[in-house]
Amino acid sequence: MSSMTLEMPAPRLAWPAWREHGLAIGVAIALHAGLAYVLLHLAHQAPLPTPLATVLTTELISLPAPVVQPPAPVVAEPAVAPPAEAPVEVPAPEQADLAFKRAEQAREEQALRLQRERQQRRAEAQRQERLAREEAARQAQLEAQQLAEARRLEAERVAAANAAAAAARAEAQTASRQYLPIAKQAPDYPAKALERKIEGECTVAYTVNATGRVEDPQVVGNCHPFFVKPSLAAARTFRYQPRVVNGQAVAVANVKNTFSYRIE
């Protein structure tokens, strides 16, 4: 056997003796276990026809003491420097000027937008105010028209009432005139009544025809016989303004006249 000698630096610490023997015992046990496994495996694969007596001879082999290698020196890992921050890019003068112009343009656009919104709100408020004024004017005009219409109707009603009253007065005047005689002569006082100093009254009813003349005179009520004939004779001489209805003269019946006979 060839041997190789390794020149190593002397270990800093010596291993205890029980560790050296324990390592050799462990190696021997491992060899025996491996040999037994191989034999058992071969016995299962190819059994011999005749069992033979086998003698297992073990020999304790002393191995040289293992060379204890010193632990590897701890090498300090180099410190990793933190990543350097990216340098801040300083804009060029042209870029700064462009950014300033853009910011200024954005401010101007915002100011214009706010101004347009204010103008729109002001215009809307003015429009609403104008609509309110127009509505108020329409309401006032409507109320004025209604008031004027009411006044016109009231004036027409008053005028119609006045006209009706005037017509009634005219008709009343016409009706009263138709009974006013145009010519009316008092009867003669009867001589017999005068001699006997008899006084009294006599009422005569008659019809005034369309020409204003008296027709069919009749004595009504209590009348002294001395006064009947002169009363009827006097009534026949009466003349009246005829009554006119719708432009035509009509007869009026039951016109009465009372004659009074008194001695003075």
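The values are calculated or read from the model by the stated rules, or taken from the named source; none is laboratory data. Just so you know, these numbers come straight off a predicted model, no measurement behind them. Cβ: placed from backbone, ideal geometry, glycine included. Neighbour counts: every protein chain shown. Each accessible area value is taken on the protein alone, full model and side chains, heavy atoms only, with ligands, DNA and RNA left out. Shrake-Rupley method; radii C 1.70, N 1.55, O 1.52, S 1.80 Å.
For the range 184-264, the normalised intensity computed at q = 0.12, 0.15, 0.24, 0.26 Å⁻¹ comes to -0.38, -0.54, -1.05, -1.17 (log10 of I(q)/I(0), Debye sum over alpha carbons, equal scatterers, no solvent).
For the range 125-264, the average shadow cast by the Cα convex hull is 14.4 nm², which is a quarter of the hull's surface.
The modelled label-to-label distance for the pair Glu134/Ala167, using points 7 Å beyond Cα in the direction of Cβ, is 4.8 nm.
Summarising the amide proton neighbourhood of Ala210: residues at separation of 5 or more, or on other chains, whose placed amide H is nearer than 5 Å comprise Ala251. Backbone amide hydrogens, once placed in the peptide plane, bring Phe259 within less than 5 Å of Cys202, Thr203, Val204, excluding anything fewer than 5 places away on its chain.
A simple packing score, the average count of other Cβ atoms within 10 Å per residue, orders the peptides 105-111, 228-234 as 228-234, 105-111, with the highest score first.
When you count the other C-beta atoms within 10 angstrom of each residue and take the mean per peptide, 120-128, 202-210, 181-189 line up highest first as 202-210, 181-189, 120-128. On a per residue basis, the range 114-221 carries 76 Å² of accessible surface, using protein heavy atoms and a 1.4 Å probe.
The simple spin-label model puts a point 7 Å past each Cα toward its Cβ; for Ala150 and Gln248 those points are separated by 4.7 nm.
Pick out, from Leu142, Ala164, Gly212, the residue whose Cα sits farthest towards the positive end of the charge dipole of the range 132-222, with +1 on the Cβ of Lys and Arg and -1 on the Cβ of Asp and Glu. Value: Gly212.
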